[in-house]
Amino acid sequence: MKFNFKKLTAGALMAMVLIPGFAFAESGAKVRNDNKQSVNFCSRISTVEQKLADQLTKAEAKQSAHQSERLGKIEKKEAEVDGRRAQGRAEVDGKRIKNWDKMLTKASTDAEKAAVEAYKTAISTAVTTRRTAVDAAVKAYRDGLTLVLANHKTAVDSAVAVFKTALDNAIAKAKADCSAGVDSKVVKDTFNKSSSDARTALQTARKNAEVSSGLTALKKTRNDAITAAVTAFKTATEKARADLLLVLKK
């Protein structure tokens with residue numbers, strides 16, 4: 001299963017990363033007179049605060065939608081894979097039974113019939129063993145994936161909460177400084193520095209929360225287990241055929 005987890009989550013987080021600069025720069029428009037903006041910052045602090053609040057709400061809604069979309073795609077993909085696997089197994093089982101019936105029909109002696117029955121038992125056991133191992137590997141992968149995604153969501157939610165707190169603190173300080181008569185340009189510069197630090201921290205947290213490495217390890221463990229099961233199955237079936245031929249060639 002291939003999912004671009006980084007793409008699914010990065011958009012929502014980047015929306016948050018860009019919020020402070022976006023709100024303060026008034027919808028991303030180029031500020032023509034920075035000095036005037038600085039002088040008027042204290043008079044516009046409430047507007048800046050409201051824009052931040054509005055865009056945080058939108059960004060969180062987008063993030064939640066991305067998370068739901070990601071889980072929905074995973075569940076759909078797993079259901080499709082399970083369906084194809086079940087159908088493939090049913091088709092193979094049907095063909096195998098027909099072949100066994102033909103073999104029994106052709107068997108002319110008790111020894112040959114007994115050999116065919118032994119062959120059927122050996123193959124059935126090998127098939128069951130392989131399928132059990134494959135199912136266990138798939139389940140372990142999916143359980144691991146669920147845990148990785150849960151940890152990812154926790155990390156992202158925590159990073160966003162820290163980000164929001166940092167912005168709240170930046171706004172609170174700006175208001176306090178404005179009330180205390182601190183120069184508006186100084187207030188603005190301090191606010192910009194705080195919001196920039198918050199963005200940087202969120203970007204770092206986002207990178208640390210990426211699930212790629214965890215998924216790579218889970219996939220390798222699953223694939224290795226399946227490969228081992230297939231190898232063991234091949235060995236068992238080859239022996240079963242060899243034992244059968246020993247009798248049929250007599």
Taking a threshold of 27 Å on the Cα-Cα distance, which of the pairs Lys102/Lys234; Lys102/Lys249; Lys102/Lys139; Lys51/Lys173; Lys102/Lys239; Lys98/Lys220 fall above it? Lys102/Lys139; Lys98/Lys220
Mind listing the phi-derived Karplus ³J(HN,Hα) values for region 133-140, rounded to whole Hz, using 6.51, -1.76 and 1.60 with θ = phi - 60°, and x for any glycine or proline? 5, 5, 4, 5, 5, 5, 5, 4
Distance in nm between Arg131 and Lys173 label points, each 7 Å along Cα→Cβ, equals 6.4
For region 116-131, in order, what is each residue's ³J(HN,Hα) by Karplus, 6.51 cos²θ - 1.76 cosθ + 1.60 with θ = phi - 60°, in whole Hz (x at glycine and Pro)? 5, 5, 5, 5, 4, 5, 5, 5, 4, 5, 5, 5, 4, 4, 5, 5
Region 90-100 - phi-based ³J(HN,Hα) in whole Hz, Karplus 6.51/-1.76/1.60, Gly and Pro as x: 5, 5, 5, 4, x, 5, 5, 5, 5, 5, 5
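Throughout, read-outs are computed from the coordinates displayed, never taken from laboratory work. Remember, it's a predicted structure, so these values are computed and weren't measured experimentally. Ideal geometry is used to build each Cβ from the backbone, glycine not excepted, and the neighbour counts take in all protein chains shown.
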